[in-house]
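The values are calculated or read from the model by the stated rules, or taken from the named source; none is laboratory data. Remember, it's a predicted structure, so these values are computed and weren't measured experimentally. Here the Cβ positions follow ideal geometry from the backbone for every residue, glycine too, while neighbour counts run over all protein chains shown.
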């Protein structure tokens, strides 16, 4: 494992004369005074002593505890939890198994560990402190039809818990050998066939581990014993700063129906617990069983002593910045009902590594419900498995998604769902959205998004993708891959799918540019101006679909007749295929001129326009065959300027301010260094 040198960015130092610094060290003792010469042993003891304005300074080492601050600070006097700068400061939700191992089969490398010998101290939940005794709310690895999960046990109005069928299913436990995560097998027969896997035997409370050939019981084996790592028990604490830690290994739950089921509340390894005015900075959060960081209102009450959930306005002014949130089971960062939140400069990669499938609805690199006035900026969101890069769900008024790099995620790059807003209610601008498995941009049942100066590339047809081999199985799973750069459709009757706008974006390397629902019923006006498209004016790169309501307002014949009439022709003059009408740019402009005041009249088409993403330098190599002029920023008009304070009057299409003819490399911003999965970062101060 490489040495970790944490960048120390300036921290607000409490100004109170009475402020104290409490020291914590592996060589300390909780009966000491907590000063530099007599440090405490645990971070929890420092938390117990810290008052507003104090700092809990944690020296290098490994701390195995759940840290639950009993109080917060006040304005101008936060309580600061600070890992020693330049050193590795781990907080782990696991313990090392030190009891004797028992060989299960004389001819195998399978051994059992008795969990009755372990301590499960994080005991505040409705179900169980032992993550191995808690069934996953949803089965991972596309196996939700194979196994009984916790969610299927909630049958009454009160959702009484019923666990898995014993020995047949997935738990929240985790096993790490020599620092490497082993794969959970839901059946003992699968574990027996798969070195590097484990299986939980519920009757005996034992874990059976099939060691890889290079491993043995002589290696350090860490077993998850805590459900969370850093999260208060008291909800709604404020003015807490958490800076410079490596947090890993905890058995938290997949947040299925988190708004309805108290056991499934959003609960990250690092959790704000409905807090306000937190700063979470320069941390690494990885190997959570499910969620890395939660920063919202959680949903239902998640612990036995919780009162009913706080009102959303109480969860305000939190900042999550410059963290690595990687290699977590479902989500990187998520939150519900948060106001004035800033999520900035984070590296969010390799999440949803348990491969929960789309139908479970909660997993993504970044996922936020009802985020109000949020700013999501300069994050590197990449390679999150079988899921979306950034997912805004169920209201997101006056939020902004700006200057992010969103590449190579397992589904769409940006997904907006379930909103009913006027034009310009969320601004998505100056992002690089490239090479995601599905669409760069996907919306259903969602209105009011304003897409400005983005680079939108990389959608192409594909029927199959390879996923990791499952225990005992050597197959790949089918995954739909769409071919539209922008796909907008109506899927339910909940809200509408209109009033979206696309201004001064740069599109290239796309099989299809747009597929958008016909503007009737729950569809309506969409706006387009100043976009530059890669392709020829004769290519049919635009589509109109018949997903304007559920059920569709038109039968096939009527749909074709309506589109033909908008184009000034009959049905023989349109190109119809598989529920969509395909159009050239000129036809697209004619169509939208009948339905919108901004109908892409000044759009440009450029054959040979192309882009390549260069991950080593986090830059884009653009080939621009012809000169491109700056365009007036129609988006900065009275409809939007007052909301976002925008002043720029002209710009090139796309996110770069120096677009040139020829082939050049462009960089959007200097992000934190990108990681390989399973590695810790090397920071250079």
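Go through segment 301-343 and give me each residue that's under 20 Å from residue 363 (Cβ atoms) and part of a loop (DSSP other than H, G, I, E, B). Break it down into steps so the answer makes sense when it comes.
Filtering segment 301-343 down to residues under 20 Å from residue 363 (Cβ atoms) leaves 302, 320, 323-338, 341, 343.
302, 323, 327, 328, 329, 330, 331, 332, 341, listed by residue number.
Hey, among 231, 267, which residue is out of contact with any helix residue (DSSP H, G or I) (no Cβ under 8 Å at 6 or more places or on another chain), closer than 25 Å to residue 672 by Cβ and buried (at least 23 other Cβ atoms within 10 Å of the Cβ)?
Numbers: 267 fails: closer than 25 Å to residue 672 by Cβ.
231 is the lone residue from the list that is out of contact with any helix residue (DSSP H, G or I) (no Cβ under 8 Å at 6 or more places or on another chain), closer than 25 Å to residue 672 by Cβ and buried (at least 23 other Cβ atoms within 10 Å of the Cβ).
Hey, could you check segment 467-500 for residues that are modelled with pLDDT of 95 or more and assigned to a strand (DSSP E or B) and say which is farthest from residue 632 (Cα to Cα)?
489
Among the residues of segment 183-218, write down those that are assigned to a helix (DSSP H, G or I) and touching a residue at least 24 places away in the same chain (Cβ under 8 Å). Break it down into steps so the answer makes sense when it comes.
Kept after step one, since they are assigned to a helix (DSSP H, G or I), are these residues of segment 183-218: 188-193.
Once the filter is applied, which keeps residues that are assigned to a helix (DSSP H, G or I) and touching a residue at least 24 places away in the same chain (Cβ under 8 Å), segment 183-218 yields 189, 190, 191, 192, 193.
Mind checking which pairs have a first residue in segment 651-663 that is loosely packed, with under 12 Cβ neighbours inside 10 Å and a second that is in a strand (DSSP E or B), Cβ under 6 Å, 6 or more apart or different chains?
So the pair list comes out as 661/624.
Checking residue 247 against (1) under 19 Å from residue 304 (Cβ atoms); (2) touching a residue at least 60 places away in the same chain (Cβ under 8 Å); (3) under 18 Å from the mean Cα position of the chain (by Cα), only one condition comes out false. Which one?
Status for residue 247: all satisfied but (1).
Can you name the strands (runs of 3 or more DSSP E) wholly within segment 19-109 that have at least 1 residues being surrounded by fewer than 16 Cβ atoms within 10 Å (Cβ to Cβ)?
The qualifying strands (runs of 3 or more DSSP E) are 61-64, 94-96.
Could you say whether any residue in segment 232-248 is more than 19 Å from residue 279 (Cβ to Cβ) and in contact with a strand residue (DSSP E or B) (Cβ under 6 Å, 6 or more places away or on another chain)? Spell out the reasoning first.
Here is the first cut: in segment 232-248, the residues more than 19 Å from residue 279 (Cβ to Cβ) are 233, 248.
Those still in the list that are in contact with a strand residue (DSSP E or B) (Cβ under 6 Å, 6 or more places away or on another chain) too: 248.
Among the residues of segment 232-248, at least one is more than 19 Å from residue 279 (Cβ to Cβ) and in contact with a strand residue (DSSP E or B) (Cβ under 6 Å, 6 or more places away or on another chain), which makes the answer yes.
What do you reckon, is residue 221 over 21 Å from residue 341 (Cα atoms), out of contact with any helix residue (DSSP H, G or I) (no Cβ under 8 Å at 6 or more places or on another chain) and in contact (Cβ under 8 Å) with a residue 24 or more places away in the chain?
Numbers: over 21 Å from residue 341 (Cα atoms): yes; out of contact with any helix residue (DSSP H, G or I) (no Cβ under 8 Å at 6 or more places or on another chain): yes; in contact (Cβ under 8 Å) with a residue 24 or more places away in the chain: yes.
Considered against the rule, which asks whether it is over 21 Å from residue 341 (Cα atoms), out of contact with any helix residue (DSSP H, G or I) (no Cβ under 8 Å at 6 or more places or on another chain) and in contact (Cβ under 8 Å) with a residue 24 or more places away in the chain, residue 221 comes out as yes.
Limited to segment 269-284, what total is found for residues that are outside any loop (DSSP other than H, G, I, E, B) and closer than 20 Å to residue 78 by Cβ?
Here is the first cut: in segment 269-284, the residues outside any loop (DSSP other than H, G, I, E, B) are 270-271, 276, 279-281, 284.
Remaining after also requiring closer than 20 Å to residue 78 by Cβ: 270-271, 276, 279-281.
So the answer is 6.
Could you tell me whether any residue of segment 583-594 is under 27 Å from residue 432 (Cα atoms) and within 30 Å of the chain's Cα centre (by Cα)?
Looking through segment 583-594, none of the residues is under 27 Å from residue 432 (Cα atoms) and within 30 Å of the chain's Cα centre (by Cα).
Using the structure shown, decide if residue 291 is part of a loop (DSSP other than H, G, I, E, B) and in contact (Cβ under 8 Å) with a residue 24 or more places away in the chain.
Values: part of a loop (DSSP other than H, G, I, E, B): yes; in contact (Cβ under 8 Å) with a residue 24 or more places away in the chain: yes.
Answer is yes for this residue.
Pairs under 7 Å by beta carbon, first residue on the phi > 0 side of the Ramachandran plot and touching a residue at least 12 places away in the same chain (Cβ under 8 Å) in segment 81-102, partner crowded, with 18+ Cβ neighbours inside 10 Å and in a loop (DSSP other than H, G, I, E, B), six or more apart or different chains?
Taking only residues 6 or more apart or on different chains, the pairs are 86/6.
Kindly indicate the residue of segment 250-265 that is more than 17 Å from residue 356 (Cα to Cα) and not in a loop (DSSP other than H, G, I, E, B) and also modelled with the lowest pLDDT among those meeting that condition.
Out of the qualifying residues, it is 262.
Among the residues of segment 615-651, what is the count of those that are modelled with pLDDT of 95 or more and either under 24 Å from residue 597 (Cβ atoms) or assigned to a strand (DSSP E or B) (or both)?
Counting residues in segment 615-651 that are modelled with pLDDT of 95 or more and either under 24 Å from residue 597 (Cβ atoms) or assigned to a strand (DSSP E or B) (or both) gives 6.
Taking the condition buried (at least 22 other Cβ atoms within 10 Å of the Cβ), under 22 Å from residue 236 (Cβ atoms) and out of contact with any helix residue (DSSP H, G or I) (no Cβ under 9 Å at 6 or more places or on another chain), does residue 349 pass? It would help to see each step written out before you state the result.
On the way: buried (at least 22 other Cβ atoms within 10 Å of the Cβ): yes; under 22 Å from residue 236 (Cβ atoms): no; out of contact with any helix residue (DSSP H, G or I) (no Cβ under 9 Å at 6 or more places or on another chain): yes.
Answer is no for this residue.
Consider residue 590 against the criteria (1) in contact with a helix residue (DSSP H, G or I) (Cβ under 6 Å, 6 or more places away or on another chain); (2) part of a helix (DSSP H, G or I); (3) closer than 15 Å to residue 515 by Cβ: it satisfies all of them except one. Which criterion is unmet?
So the condition that residue 590 fails would be (3).
Go through segment 344-364 and count every residue that is more than 17 Å from residue 298 (Cα to Cα) and either assigned to a loop (DSSP other than H, G, I, E, B) or at pLDDT 95 or above (or both).
Result for segment 344-364: 14.
Could you check residue 362 against (1) buried (at least 21 other Cβ atoms within 10 Å of the Cβ); (2) in contact with a strand residue (DSSP E or B) (Cβ under 7 Å, 6 or more places away or on another chain) and say which number it fails?
Against the list (1) buried (at least 21 other Cβ atoms within 10 Å of the Cβ); (2) in contact with a strand residue (DSSP E or B) (Cβ under 7 Å, 6 or more places away or on another chain), residue 362 comes up short only on (2).
Look at segment 187-208 and say how many of its residues are under 19 Å from residue 224 (Cβ atoms) and either modelled with pLDDT of 90 or more or surrounded by fewer than 16 Cβ atoms within 10 Å (Cβ to Cβ) (or both). Spell out how you get there, then give the answer.
Restricting attention to segment 187-208, the residues satisfying the condition of being under 19 Å from residue 224 (Cβ atoms) are 191, 196-202, 204-208.
From what is left, the residues that are either modelled with pLDDT of 90 or more or surrounded by fewer than 16 Cβ atoms within 10 Å (Cβ to Cβ) (or both) are 191, 196-201, 204-208.
Matching residues across segment 187-208 total 12.
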